[in-house]
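**Student:** My questions all concern the structure below.
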Amino acid sequence: MKHIEANNVNAYYGENHVLKDISLTMKANTVTAFIGPSGCGKSTFLRCLNRMNDYIDSFRKEGDIFIEGKDIYDKKVRVEELRQKVGMVFQKPNPFPKTIFENVAYGLKIQGIKSKSVLEEAVEKSLKQAALWNEVKDSLHKSALSLSGGQQQRVCIARALAVEPSTLLMDEPASALDPISTAKIEDLIAELKENYTIVIVTHNMQQAARVSDKTAFFYMGNLIEYDKTKELFTNPKHERTENYITGRFG
Amino acid sequence: MKNTGEKIIEGALAFSGLITILTTLGIIWVLVSESFSFFQVVSVTDFLTDTEWTPLFTQKHYGILPLLTGTFLTTAIAILTAMPIGIAIAVYLSEYAPKNFRKSLKPALEVLAAVPTVVYGFFALTVVTPFLQNIIPDLGSFNALSAGLVMGIMIIPMISSLSEDALHALPKSLREASYGMGATRFQTAFKVAVPAASSGIIVSIILAVARAIGETMIVAIAAGQQPILTLDPRDAVETITAYIVQVSLGDVPHGSLAYKTIFAAGITLFIFTFVLNNISFWIKKKYQEKYD
């Protein structure tokens with residue numbers, strides 16, 4: 001089943017043509033990795049999927065993106081609702097300067113949920129899903145900023161999961177973390193796949209190979225190759241892809 | 001040769017710094033020594049508990065309370081006016097306004113701070129008071145309300161500018177996190193940005209309070225010069241600063257006890273603003289969130 005479908009997406013920052021005619025589909029409950037050198041458009045495309053580019057004044061997009069069959073750029077779509085369905089984890093851990101509990105409960109609170117028991121249940125469930133519950137269950141009311149970088153990133157994942165999205169976008173979620181924290185995040189991605197459709201942007205090709213089912217290689221705003229991860233890494237069809245994954249450039 | 005030149009410049013620069021420190025010390029010395037001789041005649045207890053302040057009358061009382069309530073009343077009105085408006089402006093500028101608009105609006109607002117306070121004082125007396133008298137019939141021609149309101153307008157740019165700096169210093173990633181969760185601009189502004197910048201916002205308010213307490217011309221012109229113990233904003237009140245002006249400009253003989261009252265009043269004022277400035281400094285150091 002098609003979960004995400006992009007048709008002929010073009011994007012511009014002012015005069016700058018940053019995404020060129022991107023079309024691809026992603027299945028539900030899979031992990032898709034976007035790889036490519038800096039400035040290739042992979043993050044811009046990721047941010048089209050939850051309309052995070054809307055706030056950039058010079059940004060312009062053509063083409064359609066459907067998630068779960070809905071045109072997400074349709075005028076009738078409320079961008080707030082879209083983002084509750086399509087959660088995001090950022091490159092640098094960015095917890096709010098609030099307690100761990102308040103961080104994870106934030107998404108539900110802004111939806112107007114006040115019931116303490118509902119919030120507590122959701123916080124516990126999300127922290128368990130993010131493999132952080134055992135580490136923080138006794139310090140839920142401590143500032144999230146007092147945690148280590150890897151723990152902060154898992155708070156951010158728990159925060160994104162708490163509103164029960166269908167899709168999780170991850171923009172280089174482990175690039176600011178140490179190897180042990182990175183391994184934890186990767187294990188987590190494998191587990192989350194059962195319930196979520198995950199799109200991950202990464203600079204780390206081993207990581208893409210480890211965690212993803214399919215990989216898309218972007219170069220200069222073009223989607224060069226999109227295939228099963230195993231196929232793309234062992235038997236790339238394009239020379240550019242091969243050069244990139246073998247480290248000859250990028 | 002070059003060395004001598006460098007040394008002269010260094011000396012001149014150090015001397016400029018020294019001048020300000022020496023002036024401050026000199027002011028403190030005058031305040032302390034003059035009020036010391038005042039407190040040899042009037043006990044500190046009387047000064048702090050007597051409810052009348054009549055040093056210039058035959059029936060003399062030296063209770064600072066009426067001046068304190070006058071100062072408190074005008075300051076409270078000013079802050080109640082300036083705080084919501086100032087924070088609303090800061091939030092608008094940092095969270096809503098387009099970048100270019102922000103760049104031109106911020107300096108425009110700061111022009112408010114450049115208006116001479118004597119102009120504000122006459123504005124309060126000749127425009128605001130008559131206008132308010134249409135709404136509140138028993139408002140005196142000198143009253144705490146219009147002086148406080150106008151003083152509030154004067155300190156808006158202080159709160160809005162410093163609060164906006166605090167909001168603007170927050171990392172973009174914090175707002176993205178909130179938007180990414182499906183929050184609206186309003187929720188992002190008031191549930192994430194304002195709390196995260198609260199230390200800076202509180203500092204701006206404390207500095208504005210200190211400014212309002214020390215403000216002189218507006219209250220001297222528009223609030224009246226009647227040291228009455230009241231918290232009714234419709235009444236005329238006298239603030240500490242307005243009293244000091246009144247005595248400084250009057251024909252009170254130098255060296256008399258009445259003359260020394262202004263130093264006692266002055267040191268009270270100084271203690272307040274000094275403490276407030278230190279609190280704001282302390283909050284800034286202790287509570288400012290560190291983002292890298």
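**Student:** For a label point 7 angstrom out from the Cα of B:Ile136 toward its Cβ, which stretches of the stretch B:214-251 have the backbone nitrogen within less than 19 Å?
**Tutor:** From the stretch B:214-251, the list is B:218-240.
**Student:** May I ask which residue of A:Pro179, B:Thr51, A:Asn50 lies farthest towards the positive end of the charge dipole of the protein assembly as shown, with charges of +1 (Lys, Arg) and -1 (Asp, Glu) on Cβ and the Cα centre as origin?
**Tutor:** Positive-end residue among those listed: A:Pro179.
**Student:** Here's a follow-up. If I fit a long axis through the Cα atoms of helix A:100-110 and take the longest principal axis of the Cα atoms of chain A, what angle between them do I get, 0 to 90°, rounded to 10?
**Tutor:** Tilt relative to chain A: about 70 degrees.
**Student:** Taking the Cα centre of the stretch B:65-287 as origin, work out the dipole magnitude from +1 charges on Lys and Arg Cβ and -1 charges on Asp and Glu Cβ, in debye rounded to 20.
**Tutor:** 980
**Student:** Let me ask you something else. Take B:Ile85 and B:Val44, extend 7 Å from each Cα along the Cα→Cβ direction, and tell me the distance between the two endpoints in nm.
**Tutor:** Output for this residue pair reads 4.0 nm.
**Student:** Work out which residues of the stretch A:128-146 lose at minimum 20 square angstrom of accessible surface when the other protein chains are put back, relative to the chain isolated, with a 1.4 angstrom probe, and list them by number.
**Tutor:** Buried by 20 Å² or more upon assembly, which counts only protein chains, are A:Leu145.
**Student:** Using only DSSP helix segments of four residues or longer, with each worth -39500 (n - 2.57), what per-residue ellipticity at 222 nm results for the protein assembly as shown after dividing by its residue count and rounding to 500?
**Tutor:** Details: 22 runs with 287 residues, N = 542.
Result for the protein assembly as shown, helices only: -17000 deg cm²/dmol.
**Student:** Separate question: Assuming R0 = 22 Å, what is the FRET efficiency of B:Ile279 and B:Ala169, from their Cβ-Cβ distance, to the nearest 0.05? Mind showing how you got there, number by number?
**Tutor:** Details: r = 21 Å, r/R0 = 0.93.
Once rounded, the FRET efficiency stands at 0.60.
**Student:** State to the nearest 20 debye the size of the charge dipole of the protein assembly as shown about its Cα centre, where the only charges are +1 on K and R beta carbons and -1 on D and E beta carbons. Kindly include the intermediate steps, with their values, before the conclusion.
**Tutor:** Details: 52 positive and 51 negative charges, 243 e Å.
Around 1160 debye, computed over the protein assembly as shown.
**Student:** Please name whichever of B:Ser204, B:Ser160, B:Gln187 sits farthest to the positive end of the charge dipole of the stretch B:135-207, dipole taken about the Cα centre and charges placed at Cβ: Lys and Arg +1, Asp and Glu -1.
**Tutor:** Highest projection toward the positive end goes to B:Gln187.
**Student:** When chain A is treated as a GNM, springs tying every alpha-carbon pair under 10 Å, which of A:Ala176, A:Ala144, A:Ala162 comes out with the largest mean-square fluctuation?
**Tutor:** Looking only at A:Ala176, A:Ala144, A:Ala162, the biggest GNM fluctuation is shown by A:Ala176.
**Student:** Let me ask something additional. Hey, can you grab everything whose amide H is under 5 Å from the amide H of A:Ala28? Only 5+ residues off in sequence or another chain; H modelled, so Pro and N-termini drop out.
**Tutor:** Under 5 Å from the amide H of A:Ala28 lie the amide H atoms of A:His3, each far enough along the sequence or on another chain.
**Student:** Taking R0 as 22 Å, what's the FRET efficiency between B:Val115 and B:Asp251 from their Cβ-Cβ distance, rounded to 0.05? Don't jump to the answer; show the numbers that get you there.
**Tutor:** Values: r = 31 Å, r/R0 = 1.43.
Calculated transfer efficiency: 0.10.
**Student:** Helix B:257-287 versus the longest principal axis of chain B: what angle, 0 to 90°, nearest 10, using Cα atoms?
**Tutor:** Taking Cα atoms only, the helix is inclined about 20 degrees.
**Student:** Using a 10 Å cut-off on Cβ atoms, rank the peptides B:66-74, B:8-16 from the highest mean neighbour count down.
**Tutor:** B:66-74, B:8-16
**Student:** Counting only residues 5 or more places away or on other chains, whose amide H sits under 5 Å from the amide H of B:Tyr62 once H atoms are built in the peptide plane?
**Tutor:** Answer set, sorted by chain and number: B:Thr54.
**Student:** What residue among A:Ile110, A:Met170, A:Leu147 has its Cα farthest toward the positive end of the dipole of the stretch A:96-250, where the charges are +1 on Lys, Arg and -1 on Asp, Glu, each on the Cβ?
**Tutor:** Highest projection toward the positive end goes to A:Ile110.
**Student:** Moving to a separate point now. Please give the residues from the stretch B:147-179 for which the solvent-accessible area of heavy atoms, probe 1.4 Å, is smaller by at least 20 Å² with all protein chains in place than with the chain isolated.
**Tutor:** B:Ser173, B:Leu174, B:Glu176, B:Ala177, B:Tyr179
**Student:** Taking the Cα centre of the stretch B:154-232 as origin, sum charge times position over the Cβ atoms of Lys and Arg (+1) and Asp and Glu (-1), and report the length of that vector in debye to the nearest 20.
**Tutor:** Details: 5 positive and 5 negative charges, 64 e Å.
The dipole of the stretch B:154-232 has a size of about 300 debye.
The values are calculated or read from the model by the stated rules, or taken from the named source; none is laboratory data. The model shown is predicted, which means the values in this text are computed figures rather than measured ones. Don't worry about glycine lacking a Cβ; one is built from the backbone with ideal geometry, like all the others, and counts go over all protein chains shown. For the accessible areas, the whole protein counts, side chains as well, though only heavy atoms, and no ligand, DNA or RNA atoms are used. Shrake-Rupley method; radii C 1.70, N 1.55, O 1.52, S 1.80 Å.
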